[in-house]
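The values are calculated or read from the model by the stated rules, or taken from the named source; none is laboratory data. Computed from a predicted structure; not experimentally measured. In this analysis, Cβ positions are derived from the backbone assuming ideal geometry, glycine residues included, and neighbour counts consider all displayed protein chains. The protein model used for the area step is the full one, side chains on, heavy atoms only, and it has no ligands, DNA or RNA in it. Shrake-Rupley method; radii C 1.70, N 1.55, O 1.52, S 1.80 Å.
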Amino acid sequence: MLSSIVCFNHPALSQEQEQDYEIAYKKAVQLMDAGKIQEGFEYLNKSIGINPRFYDALYARSYYFMREGKYLKAIRDYDLLILLYPNVASLYLYRGQAKFYLENYESAETDYRKGYQLDSTYIEVINALGSLYFVMDLYKDATTYFNKTLRLDAKNVYAYYYRASTYYYTQQYDLALKDIASCLGLAPKDADAKRLKALVHLGMKKPKKAIDIYEKLQKEKAAFEEEDFYNWGLAYYQLRKYNRALFYLQTPQKHENSSIYHYIGKTKYKLKDTRAALSYLNRAIKLVGKNNEASATMYYDRAVVYYRMRRPKQARKDFLEGIFLMPELLTDKELITRMNLLGNAKIMLKLDDRKEKPLLDSISTQGYQARAETFISLGDSKNALVELKKAIELAPNNSYSYTLRGIAHAMRNAYNEAVQDFNKALKLPKNRNAEKTYYSRGLTYKELGMYKEAQASITQAITLNKKVAEYYYDRAIIAYEVRNLEGALQDINEAIKLAPKKLDYYTDRALYLSEKKQYKEALADCNRVLKEDSNNVMAYYSRGLAYDGLGKYAEAVADFSKVLTVYPNDREVNLLLRKSLSKMHQEKN
């Protein structure tokens with residue numbers, strides 16, 4: 001039931017009104033094509049105002065939102081279009097693209113897969129899935145979908161190009177060259193395919209062939225970007241023609257490309273200008289930022305430069321920082337050669353393996369842990385577990401590794417294994433992260449339905465740190481689950497006191513207040529949220545409950561209807577809507 005926000009094509013709509021919304025739509029398109037975007041939007045809104053189900057107008061508005069980079073607004077229009085026309089595959093593709101541009105990859109994947117489910121021969125959505133997996137570094141999955149495209153269309157240049165890119169990143173250079181040849185056979189002037197071919201030759205350590213490609217592109221008057229000059233310089237660097245490399249590396253002006261500064265620094269070092277090398281490496285590291293794995297080789301190279309400048313303390317510090325960011329620099333001897341590093345800093349610094357081993361193991365362990373934390377923050381529990389295995393092998397009594405592994409297990413719904421790891425972490429000595437361990441264990445107990453244990457564990461976290469709003473927020477949820485409404489309200493009030501700008505805290509409090517029949521207070525919380533975020537679905541849900549409790553059934557129907565525009569298949573909200581509608585009709589009768 002969306003009648004509160006969507007006017008279906010009602011029989012009472014006059015022919016004149018139908019013409020009006022079509023005229024407004026055509027006028028909008030004319031204005032937008034003429035570059036008068038704002039005026040065009042006004043006419044599109046007018047068309048949709050007359051007939052909110054008008055597909056062409058909604059589709060056009062979403063298209064222009066996409067073109068203007070207003071992806072959230074585009075998504076809202078696609079939400080409504082999909083609600084009205086749930087079997088149109090292209091709508092899922094375009095909504096997925098909007099989410100992709102917002103880097104909401106998981107949700108984009110869901111939309112792409114739905115589009116593919118509706119039409120398994122829809123090449124654009126198949127390529128979209130391949131591109132998504134390519135960006136997510138899931139190269140095997142990306143290749144699978146590009147293969148599907150090419151079975152349907154053996155002349156699809158896009159699929160050849162991106163499958164070649166996938167082969168390049170997985171170092172399957174011969175396969176990459178084969179696909180690039182197919183791509184250029186279909187589109188001989190494709191400069192991007194030629195650039196990719198140059199990169200493949202660089203990966204194969206054939207810099208002369210890469211240089212030949214860039215020289216031909218120059219003759220063809222292709223537009224060069226800073227990445228082209230970087231790779232052209234890299235080719236000369238591989239040939240050890242450092243002055244020529246420097247010419248191309250320094251061609252881009254006023255840029256913030258850390259890789260270019262890094263290689264200028266390396267080239268200056270090769271030309272025995274250590275002061276200039278240090279200056280450029282400093283700029284590269286500053287751009288990338290600390291605690292970023294991308295700067296690991298920069299720190300390592302700077303350690304070599306410091307050593308040559310007879311500054312051993314700074315060299316040692318940078319070497320250790322590089323090891324923290326990329327522990328493999330210590331264990332993989334071939335990596336130094338593969339990554340074109342300036343030298344073996346460990347040998348230069350004459351580090352004693354036996355004496356320095358405890359320190360190096362500790363730093364490497366922290367490095368694996370930091371990397372695991374990054375994977376956890378990205379929702380990648382699989383790779384987090386790989387890094388934590390390395391950390392535990394190096395330091396089996398480091399409690400934080402078990403805390404992180406517990407979190408990774410919980411992300412995979414392996415809750416019993418998670419609890420075992422949290423318990424082990426808490427038993428080990430020198431646990432500096434007990435607060436996080438108790439809190440994480442509490443959340444895991446909650447997922448297991450062990451609410452008493454969950455509450456006790458989060459309480460232990462609060463005992464260690466009483467200033468974290470999230471602890472009270474989650475303990476409030478647990479209290480609500482066991483119907484301890486007083487406890488839930490007490491904790492959510494404390495959470496709001498500590499973090500008054502967290503809107504979801506107010507929507508939860510509104511829910512608890514409605515359960516205690518304090519509907520006016522619940523309504524105030526919801527209105528506060530909606531004043532700041534007019535699209536907050538949870539606020540409409542909670543306000544719908546409050547309105548129903550106050551006997552304002554029409555308002556409750558309107559709010560539940562808004563929730564259903566986003567979650568049309570939600571059984572609970574559909575039931576609440578029907579009940580409020582029934583009460584509203586009974587009241588009228």
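Once neighbouring chains are kept in place and the probe is 1.4 Å, which whole percent of the accessible area of the chain is contributed by carbon and sulfur? It is 48 percent, rounded to a whole number. Measure nothing but the geometry: give the 0 to 90° angle between the long axis through the Cα atoms of 89-101 and the longest principal axis through the Cα atoms of the chain, rounded to 10°. With rounding to tens, the tilt is 60 degrees. Across the stretch 397-438, the mean sequence separation of Cα contacts (distance under 8 Å, 6 or more residues apart), normalised by length, yields a relative contact order of 47 percent. Computed from phi, the 3J(HN,Hα) profile of the stretch 535-546 under the Karplus parametrisation 6.51, -1.76, 1.60 (θ = phi - 60°) reads 10, 6, 5, 5, 5, 5, 4, 5, 5, x, 5, 5 Hz, with x in place of Gly and Pro.
To the nearest ten degrees, helix 226-238 and the longest principal axis of the Cα atoms of the chain are 30 degrees apart. Set Lys and Arg Cβ to +1 and Asp and Glu Cβ to -1, take the dipole of the stretch 375-520 about its Cα centre, and tell me which of ILE462, ILE477, ASN416 lies farthest positive. Checked the options; the winner is ILE462. Summing charges over neighbours of ASP380, with a neighbour being any other residue whose Cβ is under 15 Å away from its Cβ, gives -3 when K and R count +1 and D and E count -1.
Exactly which trypsin sites (Lys or Arg not before Pro) in the stretch 474-550 are in a DSSP loop and have at most 12 other Cβ atoms within 10 Å? Taking the stretch 474-550 and a limit of 12 other Cβ atoms within 10 Å, the loop trypsin sites (Lys or Arg not before Pro) found are ARG483, LYS501, LYS517. Both the radius of gyration and Dmax for the stretch 138-196 are 10.4, 29 Å, in that order, over alpha-carbon atoms.
With an a/c value under 1.5 for the gyration tensor axes a ≥ b ≥ c computed over the alpha-carbon atoms, the stretch 260-341 is described as rounded. Per residue, the chain exposes 53 Å² of accessible surface when a 1.4 Å probe is rolled over the protein heavy atoms with every protein chain present.
Angle of helix 207-219 to the longest C-alpha principal axis of the chain, folded into 0 to 90 degrees and rounded to 10: 60°. In the stretch 266-420, the alpha-carbon atoms span a convex hull of 109 Å³ per residue. Between the stretch 286-302 and the stretch 526-586, the alpha-carbon centres lie 51 Å apart. The alpha carbons of the stretch 383-474 stretch over 35, 27, 20 Å along the principal axes, in descending order. Taking only the Cα atoms of the stretch 430-589, the radius of gyration and Dmax are 17.7, 71 Å.
Counting only protein chain heavy atoms and rolling a 1.4 Å probe, the accessible areas of GLU486, GLU494 rank, largest first, as GLU486, GLU494.
The residues neighbouring LEU91, those whose beta-carbon lies less than 10 Å from its own, together hold a net charge of -1 under the Lys/Arg +1, Asp/Glu -1 convention. Within the shell defined by Cβ-Cβ distances under 14 Å, the residues around LEU80 carry a net charge of +3, with Lys and Arg each +1 and Asp and Glu each -1.
How do the peptides 200-212, 299-311, 70-82 rank, highest first, by the average count of neighbouring beta carbon atoms within 10 Å per residue?
Details: 200-212: 17.7, 299-311: 22.1, 70-82: 19.5.
Per-residue Cβ counts within 10 Å, averaged per peptide and sorted highest first, yield 299-311, 70-82, 200-212.
Ranked by the mean number of other Cβ atoms within 10 Å of their residues, highest first, the peptides 461-468, 62-69, 105-112 fall in the order 105-112, 62-69, 461-468. With viscosity set to 0.692 mPa s and temperature to 37 °C, compute the Stokes-Einstein D of the stretch 361-416, Rh being the Kirkwood radius across alpha carbon pairs; µm²/s, no decimals. The estimated diffusion coefficient comes to 305 µm²/s. The percentage of C-alpha pairs in the stretch 31-81 whose separation is greater than 15 Å is 39%.
Over 18 Å, how big is the tail of the calculated P(r) for the stretch 65-182, in percent of all Cα pairs?
Everything past 18 Å amounts to 52 percent.
Kirkwood analysis of the chain, using all unique Cα-Cα pairs, places the hydrodynamic radius at 28.9 Å. Sequence-ordered 3J(HN,Hα) estimates for the stretch 457-466 from the Karplus curve with 6.51, -1.76 and 1.60 and θ = phi - 60° stand at 5, 5, 4, 5, 5, 5, 4, 7, 8, 8 Hz, glycine and proline given as x. Here the stretch 324-431 is assigned +1 on the Cβ of each Lys and Arg and -1 on the Cβ of each Asp and Glu. Its dipole about the Cα centre then comes out at about 180 debye. Quick check: Cα centre of the stretch 406-485 to Cα centre of the stretch 130-186, how many Å? A separation of 45 Å, based on Cα centres. If the segment from LYS466 to GLU39 were pulled out straight at 0.36 nm per residue, it would be longer than the present Cα-Cα gap by 148.4 nm. Distance from the Cα centroid of the stretch 76-112 to that of the stretch 34-71 is 17 Å (rounded to whole angstrom).
Ranked by the mean number of other Cβ atoms within 10 Å of their residues, highest first, the peptides 218-225, 572-579, 561-568 come out as 561-568, 572-579, 218-225. Over the stretch 445-490, the fraction of Cα-Cα pairs per 10 Å bin, rounded to whole percents and listed from the shortest bin up, is 31, 58, 11. Calculated mean residue ellipticity at 222 nm for the chain: -24000 deg cm²/dmol, from DSSP H runs with n ≥ 4 weighted as -39500 (n - 2.57), summed, divided by the residue count and rounded to 500.
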